[in-house]
Structure formats: structure tokens, C-alpha cells
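Asker: Got a structure here, written out as C-alpha cells. Questions coming.
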Amino acid sequence: TIILATGAVAGDNVSIIAYGAFNVADVYTQAQSDARYTQQSNNLSDLDSAATALTNLGLTATAAELNYTDGVTSNIQAQIDNIDALPSQTGESGKFLTTDGTNASWDAVDVSSEITGTLPVANGGTGATTLTANNVLLGNGTSAPLAVAPSTSGNVLTSNGTTWESIAPAGGGFSALSVITTTSSFTVPAGKSLLKITAVGGGASGATNGASNRNGAGGGGGGAAIVYVSVSEGDTVSITVGAGGAAPTAGTYTNGISGGTTTVTYAGANIAVATGGGGGSSSNGAGGDGGIGTTGDVLLCGSGGGATQYDPSGYLMTGFGGASGIGTGGAASAGTSNPTHIDGRNYGGGGMGCNGTNAAGSGGDGVVMIEY
């Protein structure tokens, strides 16, 4: 150890004079010195372990973490303090954060000004950008709603069992009638939901008796059935009309021929059925039985045909035709030889019996009448 006296300044030389043998403890070459000590010009890049050096300095941050401060030119806490705090969230559930350009606040969505585009049904909208004035909206699943226009003044919104439509009110009764005399079908008109159907079976023919003083009995009238049925526009009603019994051959001893059955079918089921009248007897016997309604809300019987009756002049009076469930039959004829026959009158009327060479009266065809 060499201690310099006072007054020494930087750059002074120190002369060492040996008074005996001595050794220099550690001697390093330039290369050894560079390897042992860090060099200022290397900026600490020559450290064996930067991580160990940081630990020895009491720093626990990684190099990546220290890089977060790269470019920071002022107190970090001061910068944090300058960040605006969120408004209090207390009592603001369901609202969103908005700003007026200066201050932030919580607010609800203003659907009149803050939503654009078309909101689909699945998200609570209508799926439409415009709605026609005064139309009634109908749900349509996840698609845009359907609409029913008001249509004609005085119409009412009516269910057809599947959807709603604007139609004229029933007005307390039926306004139209269809008379169907042949086997066919009927299509429910637009705006109609209730039908009144009257079915009449065919009338029977009267009997013939070839003897001039012996008369055949009258044929029975067809039965009738009335039904009320709820329908939808465009539905089909199937109709089978029973034919009237044909007149037997004149001058023979032949019983009358029965009338046919009238049947009305809707939605796969028979809703109105009326049988035809029975034929009259040819041998001075009883008249034919009247037909009956077998299916429907109101069931009516046709009247039986008239039996032959004795006449003071020596001839038997012909049997009259029976009336149908809704009308009249063929009238009887006074006791004469070869009277003129009378067919069943009206729909389903029975024919008059006859004698001699004249034919008996034929039965009237059945009918279906539909009111709507």
C-alpha cells in the first residue's frame, strides 16, 4: 500500500525504490483484463448473465417487461392519473357507455336515432322497413309478418280455421241458394264459412195394373235431411242425387220402382243422407212407403203412396203419389178406365198409380239445395 503525501495531484509520478525482494501479487495481460472486467464501450452486453445481474441489482422484472417503459418520457403514475375514470356503474344495469365528445356516461339505446337497418323478427323486430297503413298484421314465425287489408267497407276480420281474412259479415242469415239436381260437386265460395244443406231422395213411381177396372197404388215420396256445416272457402262438397223411379210399362201388372238415395259428403264423411220412396203395388194393394232422412241435423220422412180405393162407378180409384219431405206427389185420379197418369210433382214426389193401357206416374228426381 502506497500513501501519497498531501499536495499530490493527478498526473504526479510515484517512484518505487526497492529495499529488498518483493513480488507483485496479480499481473494481467490486456486480453486477460478485458475478459475479467466489463468494458464501458460494450454497454453491459459482455455480462455473462443479464438475468443474474438484474437479480443481483434487486430487479425482478424481465427484459420484456422493462421494455414496456420504452419511450416513456414522464412519470408513469402521472400518466395514469390523467386517464379519465369510468362513470359509476351503480344502478346502471343494462345500459351502454356513451360520450358527448367531452364526458362519458351510461345511457339506454335510443331506438329512434341510434339503430339503423332492418331488425329481423328473430331479434325482436318486424323484418320490414315499412308497414302499409291500416293493415292488420298476422304472425308468420321467424319471417316478416303477413298483413290483411281492410278490403270492402263493412267487412269483419274472420277466422277460417287456419288464418284471418277480411270478409262481409253473415248478416244473420244466408244470402244465396244453389239448387243441384244432378250428381256433381259444390265449391264453397270466397268468404263463406257456413252452409245449410237440404237433401231430398228420389220419389218412387206408381204401379200399373193392366185391367181397365183395376188400378195400381201410388209411389212413396222421397225422404229429406237438413244439415248445417262449417266450411272454409274453396272446400269441395260431393253430391249424389237420387233419381226418381221410372214408370213401369203401360198395360202390365208391374209394381212401382223405388227412388234413389241422395247423399252429401264433406271432408270424407256423409253429412246428409235421404232415401228414396218405395214403389206402389200393382195388385189393388197398398201404396209405396215414404223415404226417410237417415243422416243430418233435421230428418224428415216422405209420405207413403196412396192405396187403390173402390169407386161407386165400378172402378177402383188410382193411388196418389206420396209427397216428399219438402213437397207434393202425384195426385190421385177418380175411378175411370185408362186415366191419364200424373208424375211425381216437385222434387222427390211419388208417381200416381194407373190402370188399363196407360203408364203410371214416374217418381220425381231428388235434389240438393245449398244455402250460404
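Asker: By how many nm would the segment from Gln39 to Ser178 lengthen if fully extended, with 0.36 nm per residue of separation less the alpha-carbon distance?
Answerer: 38.2 nm
Asker: As a test of understanding, state the convex hull volume per residue of the range 45-142 from its alpha carbons, in Å³.
Answerer: 279
Asker: Still on this structure, I have one more. Which order do the peptides 29-35, 67-73 come out in when sorted by mean C-beta neighbours inside 10 angstrom, highest first?
Answerer: Ranked by mean Cβ neighbours within 10 Å, highest first: 29-35, 67-73.
Asker: Right, something else. Give me the tail of P(r) for the range 217-290 as a percent: Cα-Cα pairs with distance above 17 Å.
Answerer: Tail fraction, whole percent: 53.
Asker: So who's got an amide H within less than 5 Å of the one on Ile271, skipping anything under 5 residues away but keeping other chains? H placed 1.01 Å off N, in plane.
Answerer: Residues meeting the amide H criterion: Val264, Thr265, Tyr266.
Asker: Can I ask one more? Could you sort the peptides 138-145, 200-207 by per-residue average Cβ neighbour count (10 Å cutoff), highest mean leading?
Answerer: The peptides rank, most packed first, as 200-207, 138-145.
Asker: May I pose another question? Residue separation times 0.36 nm, minus the C-alpha to C-alpha distance between Ala108 and Thr152: what's the value?
Answerer: 11.5 nm
Asker: Starting from the 7 Å offset along Cα-to-Cβ, what nm value, one decimal, do you get for the label separation of Asn13 and Ala269?
Answerer: Once both label points are built, they end up 13.8 nm from each other.
Asker: Give a residue-ordered list of calculated ³J(HN,Hα) values for the range 86-97 (Karplus: 6.51 cos²θ - 1.76 cosθ + 1.60, θ = phi - 60°; whole Hz; x for Gly, Pro).
Answerer: Karplus values, whole Hz, x for Gly and Pro: 5, x, 4, 8, 4, x, 10, 4, x, 9, 10, 7.
Asker: I would also like to ask the following. Give me the extension gain from Ser166 to Ala85: residue separation times 0.36 nm, minus the current Cα-Cα distance, reported in nm with one decimal.
Answerer: Length difference between fully extended and current span is 23.2 nm.
Asker: Sticking with this structure for a sec: Alpha carbon centre of the range 174-235 versus the range 50-79: separation in Å?
Answerer: 106
Asker: Of all the C-alpha pairs in the range 104-163, what % are more than 19 Å from each other?
Answerer: Of all Cα-Cα distances in the range 104-163, 49 percent exceed 19 Å.
None of the figures in this text is laboratory data; all of them are computed from the coordinates on show. Small disclaimer: the values here were computed from a predicted structure and weren't measured. Here Cβ is always computed from backbone atoms with ideal geometry, including for glycine, and neighbour counts include all displayed protein chains.
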